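Visitor: Structure provided below as structure tokens; questions to follow.
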Amino acid sequence: MAQIFAVDVRGCKINIRRSGQGEPLLFLHGAQGIIGNERGLAALATRFDVIAPDHPGFGLSDSSDSVDDVGDLALFYLDLLDTLKLDRVHVVGQCIGGWLALEMAVTSSARFKSLVLLNSAGIRVKSVPRGDMFICSEAELLKLLFAGDGAAEWLQSWRATPDLEDIYDRNRAAAAKYSWSPRLCNPKLDRWLHRVDVATHIIWGKEDRVIPPAYADALKGLIAGSTVVTLSDCAHLAHIEQPQVFADQVSQFIQRVAP
Amino acid sequence: MFHLMPYAHLDMSYTEKHRAAWVVLPNTYFDPKKGHELYNRYLDELEMAAELGFDGISVNEHHQNAYGLMPSPVVTAAALSRRTKQAKIAILGNAFCLREHPLNIAEEHAMIDCITGGRLITGMVRGIGAEYFSTGNNPAFSHARFQEAHDLVVQAWSKPGPFAFEGKFYHFEYVNMWPRPYQQPHPPIWAPSTGSAETIEWAAHPSRKYTYLQAYSPTQSVARYLNYYRECAQTMHGYTASSDQIGWSTPVYISDTDEKAREEAKPHIENLFNRYLRLPFEMLFPPGYLSSKSLKNMRSHKRSVSGQEHTIDTLIQQGIIVCGSPETVRKQFMDTHRLLGFQNLLCLMQFGTLPRDLTERNIRLFASEVMPALQRLTDKEYAGMEVRAAE
């Protein structure tokens, strides 16, 4: 069972789920936040000490007036690592969380043991259209996010209690705060990605219509030595839609680069 | 009188292909030659209202849509400023906070105020949710940015320059506005809204006392929001709001009889609500645009009415529009004033596809048969909140 607790990071209360044993692995969630029943995270916890915070403004974490964008978030997470007394960690970042990991890594990858990018936001590949999670209807959103029929179950779990419904709305507002414009990217980030000097593995759901797989190839081209795998029957949320494959990919990669 | 300047030639079959008349409706639906005719016709209608003795004529801002063709209401206000002599020109509103440089609009407002010798009323709005898609502005910062843009503009209008402005969103080394507005310290500021509690509380603050203008809504909601303004003034701020701080905006249609009015207005008003205002929830309320409390209220409200198309009967019945013979319309406004006490009434006399001849007759009938009685109304005819609550 995950241990759920809050830490105070310079006056901002951050909610954290921590489970499993092994080397510390920081999971940075994406626009959809964390609901708590993600099987991919449970699978990772059989091999790692998985630390999954809600970003400021998401989930049960406070929002912070001093964290306005993903650049702020990257510095905030250095404070969070200090608060948790974690020196070096494996980092897995999905969507906005991947973008956040990249913003941290281009500054310095000193705190990284390894990096996994999962359908990551952060860059803009011109002429490759993305889906807009904000303008579409709920039904359309589920089609952007899921390849298979897990969508209904996922949405249902957000509807389970009024508190979860509130968090769902809160997550959407926080995702807008961090990624509205420029949508899901920092247009300057690509010019600094040569600075990512940590072993990097890129995992991508093939059916992702929010950030299509062309982005995986673009990231591979920008991050020296990185590897890519694309997953079938999987869209934006591999840790939910293909939990075991996702967890295996992460642990095999870490086994390979940081045994 | 208020104008939206809709694209009246809209091909209504667009609904088969597109989910909204906003943001995603391709601009190939707009024919510039027809646009030329429409702009001039609509400006004629506003000028006519001014000549017929309306206290003010009003324009507003919307982007990337067929509902209202004024992405810059300053352009239409400027066109009107030299063609009218007495009427106030009300820009209700301009979304200063959607701009990187709100001072540019503030300068334009100051120019219009000087040109007209102080006939400008400035409305400050956040812009509706769809505007945040059109302009790329982040809805999560909407309230904060609105308030900061307001502070910046009011200071620029009223404080001797040059001075530096250091905000969260706006940073200027030199704020030193030439021209300064004609009206001192600045033109009257109004706050038009569809009923955001945050906006109402902000507008009612004693340092502002801005006229709150409730955009068209069912009578019940109009009553709730206008009374909320008065409550805020009384309980949060300890003063009694006067009726000139209260405004209501509604579509109006008058013809010889109730039946005739209903029959003539029907297709055009139904187009307004079912075609031009076709705007899915996600576009109207992007994430972060509303506080979580307001979002919940709005969602339960919308869920209860969604799926049903408006008809003129439901619109009249709910009080969203005022439609009928001159007697009916006059009585309805006088009764509503007695209940809610609004010294400011904005009438949308052209709506949707309403053609020129019907629009002009509507304006004339209002000016001759309804307006004189309303212009005489004061705070005295308002029954007051306690009385109303006791009824």
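The values are calculated or read from the model by the stated rules, or taken from the named source; none is laboratory data. Here the structure is a predicted model, which is why all the values come from computation and not from measurement. Reconstructed Cβ throughout: ideal geometry from the backbone, glycine too, with neighbour counts over all protein chains shown.
Visitor: Can you tell me which residue in the stretch A:19-43 is surrounded by the fewest Cβ atoms within 10 Å (Cβ to Cβ), limited to those that are outside any loop (DSSP other than H, G, I, E, B) and in contact with a Pro (Cβ under 9 Å, 6 or more places away or on another chain)? Lay out the reasoning, then the answer.
Guide: Narrowing the stretch A:19-43 to residues outside any loop (DSSP other than H, G, I, E, B): A:19, A:23-28, A:39-43.
Filter again for in contact with a Pro (Cβ under 9 Å, 6 or more places away or on another chain), leaving A:26-28, A:39-43.
Details: A:Leu26: 26, A:Phe27: 27, A:Leu28: 26, A:Arg39: 15, A:Gly40: 25, A:Leu41: 26, A:Ala42: 17, A:Ala43: 21.
Among those that are outside any loop (DSSP other than H, G, I, E, B) and in contact with a Pro (Cβ under 9 Å, 6 or more places away or on another chain), it is A:Arg39.
Visitor: Take the residues of the stretch B:269-295 that are without any contact (Cβ under 8 Å) to a residue 40 or more places away in the chain and within 18 Å of B:Glu131 (Cα to Cα): which is farthest from the other protein chains (Cβ to nearest Cβ)?
Guide: If we filter the stretch B:269-295 for residues that are without any contact (Cβ under 8 Å) to a residue 40 or more places away in the chain, which is where we start, we get B:274, B:281-282, B:292, B:295.
Pick out the ones that are also within 18 Å of B:Glu131 (Cα to Cα) and you get B:281-282, B:295.
On the way: B:Phe281: 8, B:Glu282: 6, B:Leu295: 6 Å.
Per the stated criteria, the residue is B:Phe281.
Visitor: To continue, here is another question. When B:Val23 is evaluated against the numbered criteria (1) out of contact with any His (no Cβ under 7 Å at 6 or more places or on another chain); (2) crowded, with 16+ Cβ neighbours inside 10 Å; (3) within 16 Å of B:Phe2 (Cα to Cα); (4) modelled with pLDDT of 95 or more, which criterion, by number, is the only one it fails?
Guide: Looking at each condition in turn, B:Val23 falls short on (3).
Visitor: Of all residues in the stretch A:158-180 being of a type in the set (A, V, I, L, M, F, W, C) and more than 9 Å from every other protein chain (Cβ to nearest Cβ), which is surrounded by the most Cβ atoms within 10 Å (Cβ to Cβ)?
Guide: Of the residues in the stretch A:158-180, the ones of a type in the set (A, V, I, L, M, F, W, C) are A:158, A:160, A:164, A:167, A:173-176, A:180.
From what's left, more than 9 Å from every other protein chain (Cβ to nearest Cβ): A:158, A:160, A:164, A:167.
On the way: A:Trp158: 17, A:Ala160: 11, A:Leu164: 13, A:Ile167: 22.
Looking at the filtered set, the residue picked out is A:Ile167.
Visitor: Please state which of the following conditions B:Val23 fails to meet, knowing it meets all the rest: (1) within 14 Å of chain A (Cβ to nearest Cβ); (2) within 14 Å of B:Ala90 (Cβ to Cβ).
Guide: If we test B:Val23 against (1) within 14 Å of chain A (Cβ to nearest Cβ); (2) within 14 Å of B:Ala90 (Cβ to Cβ), just (2) comes out false.
Visitor: Name every residue in the stretch B:264-288 that is over 25 Å from B:Asn362 (Cβ atoms) and either in a helix (DSSP H, G or I) or touching a strand residue (DSSP E or B) at 6+ places or on another chain (Cβ under 8 Å) (or both), in order of residue number. It would help to see each step written out before you state the result.
Guide: As a first pass, look at the stretch B:264-288 and keep what is over 25 Å from B:Asn362 (Cβ atoms): B:279-288.
If the condition is that a residue be over 25 Å from B:Asn362 (Cβ atoms) and either in a helix (DSSP H, G or I) or touching a strand residue (DSSP E or B) at 6+ places or on another chain (Cβ under 8 Å) (or both), then B:Leu279, B:Phe281, B:Glu282, B:Met283, B:Leu284 are the ones that fit.
Visitor: Take the residues in the stretch A:199-241 that are hydroxyl-bearing (Ser, Thr, Tyr) and in a loop (DSSP other than H, G, I, E, B), then tell me which one is nearest to A:Leu144 (Cα to Cα). Walk me through how you get there before you give the answer.
Guide: Going residue by residue through the stretch A:199-241, those that are hydroxyl-bearing (Ser, Thr, Tyr) are A:200, A:215, A:226-227, A:230, A:232.
When the remaining residues are screened for being in a loop (DSSP other than H, G, I, E, B), the result is A:226, A:232.
Numbers: A:Ser226: 26, A:Ser232: 15 Å.
By that ranking, first place goes to A:Ser232.
Visitor: Is it true that A:Ala218 is surrounded by fewer than 20 Cβ atoms within 10 Å (Cβ to Cβ), more than 21 Å from A:Gly33 (Cα to Cα) and away from chain B (no Cβ under 14 Å)? Write out each step before concluding.
Guide: On the way: surrounded by fewer than 20 Cβ atoms within 10 Å (Cβ to Cβ): yes; more than 21 Å from A:Gly33 (Cα to Cα): yes; away from chain B (no Cβ under 14 Å): yes.
It is true that A:Ala218 is surrounded by fewer than 20 Cβ atoms within 10 Å (Cβ to Cβ), more than 21 Å from A:Gly33 (Cα to Cα) and away from chain B (no Cβ under 14 Å).
Visitor: Only one of B:Ala90, B:Ala77 is more than 14 Å from chain A (Cβ to nearest Cβ), buried (at least 20 other Cβ atoms within 10 Å of the Cβ) and either in contact with a Lys or Arg (Cβ under 8 Å, 6 or more places away or on another chain) or without any contact (Cβ under 8 Å) to a residue 60 or more places away in the chain (or both). Can you tell me which? Before the answer, list the steps.
Guide: Working: B:Ala90 fails: either in contact with a Lys or Arg (Cβ under 8 Å, 6 or more places away or on another chain) or without any contact (Cβ under 8 Å) to a residue 60 or more places away in the chain (or both).
So the residue among B:Ala90, B:Ala77 that is more than 14 Å from chain A (Cβ to nearest Cβ), buried (at least 20 other Cβ atoms within 10 Å of the Cβ) and either in contact with a Lys or Arg (Cβ under 8 Å, 6 or more places away or on another chain) or without any contact (Cβ under 8 Å) to a residue 60 or more places away in the chain (or both) is B:Ala77.
Visitor: So, one more: Residue by residue through the stretch B:188-216, note down the ones that are crowded, with 17+ Cβ neighbours inside 10 Å, among the small types (Gly, Ala, Ser) and touching a Ser or Thr at 6+ places or on another chain (Cβ under 7 Å).
Guide: Hits for the stretch B:188-216 are B:Ala191, B:Ser193, B:Gly195, B:Ser196, B:Ala215.
Visitor: Looking only at the stretch A:192-214, decide whether some residue is within 13 Å of another protein chain (Cβ to nearest Cβ), within 30 Å of B:Leu279 (Cβ to Cβ) and touching a residue at least 60 places away in the same chain (Cβ under 8 Å).
Guide: Initial filter on the stretch A:192-214 (within 13 Å of another protein chain (Cβ to nearest Cβ)): none.
Checking the stretch A:192-214: not a single residue is within 13 Å of another protein chain (Cβ to nearest Cβ), within 30 Å of B:Leu279 (Cβ to Cβ) and touching a residue at least 60 places away in the same chain (Cβ under 8 Å).
Visitor: Would you call B:Thr15 farther than 27 Å from B:Gly117 by Cα, surrounded by fewer than 22 Cβ atoms within 10 Å (Cβ to Cβ) and in contact (Cβ under 8 Å) with a residue 60 or more places away in the chain? Steps first, please.
Guide: Values: farther than 27 Å from B:Gly117 by Cα: yes; surrounded by fewer than 22 Cβ atoms within 10 Å (Cβ to Cβ): yes; in contact (Cβ under 8 Å) with a residue 60 or more places away in the chain: yes.
In short, yes.
Visitor: Further question: Of everything in the stretch A:103-144 that's over 17 Å from the mean Cα position of the chain (by Cα) and assigned to a helix (DSSP H, G or I), which residue is farthest from the other protein chains (Cβ to nearest Cβ)?
Guide: Per the criteria, the residue is A:Thr107.
Visitor: Is it the case, given these coordinates, that A:Leu155 is under 30 Å from A:Ser63 (Cα atoms), at pLDDT 95 or above and crowded, with 19+ Cβ neighbours inside 10 Å?
Guide: Details: under 30 Å from A:Ser63 (Cα atoms): yes; at pLDDT 95 or above: yes; crowded, with 19+ Cβ neighbours inside 10 Å: no.
So A:Leu155 does not fit the description; no.
Visitor: What number of residues within the stretch B:217-245 are buried (at least 22 other Cβ atoms within 10 Å of the Cβ) and aromatic (Phe, Trp, Tyr)?
Guide: 2
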